[in-house]
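See structure below.
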Amino acid sequence: MKTDYKAVIFDISNVLILPNSRPNLELIQTIKKLKKASVKTVVISNTSSTIRQKFKRLSNFSLDDLFDQIFISQETGLFKPNHKIFQLALNKLNLSPDQCIFVDDITRNIDSAQELGITTILFINTQSCINKLEKLLSTTLH
């Protein structure tokens, strides 16, 4: 049975901002395509509020323009891998776990999301991530 995914949730560190503070421009373009396809785009990140300015400075893109919802640990008081930060996102999105895909580079965060029934992608590299998203969403994002 094909699942109808409604949202993709991304981490920031080492996913949207790569090591050496390089913005992941290819993934940012993919996120724009997801939005055009009416897929909700979401951030859950264990960072501080300064990430908004850092992301804008590094990538010339605004998190608020790219994402429908942003959950920053400093603002929510909740941290991955705690289930509560995922549950907060699901409640705000009004979605069930099986309607979401979560992308993160840390196994314990992936495991926590899976425990709730969220489909996950362990981020290893950009191309692999995009390929997995395309397979799950049955679409082309290149």
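Read-outs throughout are calculated quantities, based only on the coordinates presented, and are distinct from any laboratory measurement. All figures in this text were calculated on a predicted structure; none of them were measured in a lab. In this analysis, Cβ positions are derived from the backbone assuming ideal geometry, glycine residues included, and neighbour counts consider all displayed protein chains.
Would you mind getting me the FRET efficiency between PHE79 and ARG22? Use the beta-carbon distance for r and R0 = 35 Å, nearest 0.05.
So, using R0 = 35 Å, E works out to roughly 0.90.
Quick one: compute the contact order of the stretch 7-137, relative version, from alpha carbon pairs under 8 angstrom and 6+ residues apart, as a percent.
Relative contact order, the stretch 7-137: 25 percent.
Could I have the simple spin-label model distance between PHE61 and SER96, label points 7 Å from Cα toward Cβ, reported in nm to one decimal?
Those two pseudo-labels are separated by 3.1 nm.
Going by how many other Cβ atoms sit within 10 Å of their own, how do PHE79, PHE67 line up, fewest first?
Placing the least packed residue first, the sequence is PHE79, PHE67.
Would you mind ranking LEU78, LEU58 so that the residue whose beta carbon has the fewest other beta carbons within 10 Å leads the list?
Taking fewest neighbouring Cβ atoms as first place, the list is LEU58, LEU78.
Ordered by residue, what ³J(HN,Hα) values in Hz, to whole numbers, does the stretch 116-122 give under the Karplus form 6.51 cos²θ - 1.76 cosθ + 1.60, where θ = phi - 60° and Gly and Pro are x?
Each residue's phi maps through the Karplus curve to give 8, x, 7, 5, 10, 10, 6 Hz.
Counting only DSSP beta bridges with both residues in the chain, tell me the antiparallel percent, nearest 5.
Around 10 percent of the beta bridges assigned by DSSP in the chain are antiparallel ones.
Send over the per residue convex hull volume for the chain, Cα only, as a whole number of Å³.
So the per-residue Cα hull volume is 99 Å³.
Tell me, ASP105, ASP4, ASP64, ASP11 in order of fewest to most beta-carbon neighbours within 10 Å?
Placing the least packed residue first, the sequence is ASP4, ASP64, ASP105, ASP11.
Considering only C-alpha atoms, what is the centroid distance from the stretch 10-29 to the stretch 81-142, in Å?
Value for the Cα centre distance between the two parts: 16 Å.
Between LYS36 and SER48, 0.36 nm times their residue separation minus their Cα-Cα distance comes to what?
1.5 nm
What pairs from LYS33/LYS135; LYS40/LYS80; LYS32/LYS80 go past 22 Å between their alpha carbons?
The pairs that break the limit, which is 22 Å between Cα atoms, are LYS32/LYS80.
Using amide H atoms built in the peptide plane, which far-off residues or other-chain residues are under 5 Å from PHE102 H to H?
When sequence neighbours closer than 5 places are left aside, the close amide H contacts are ILE9, THR119, THR120, ILE121.
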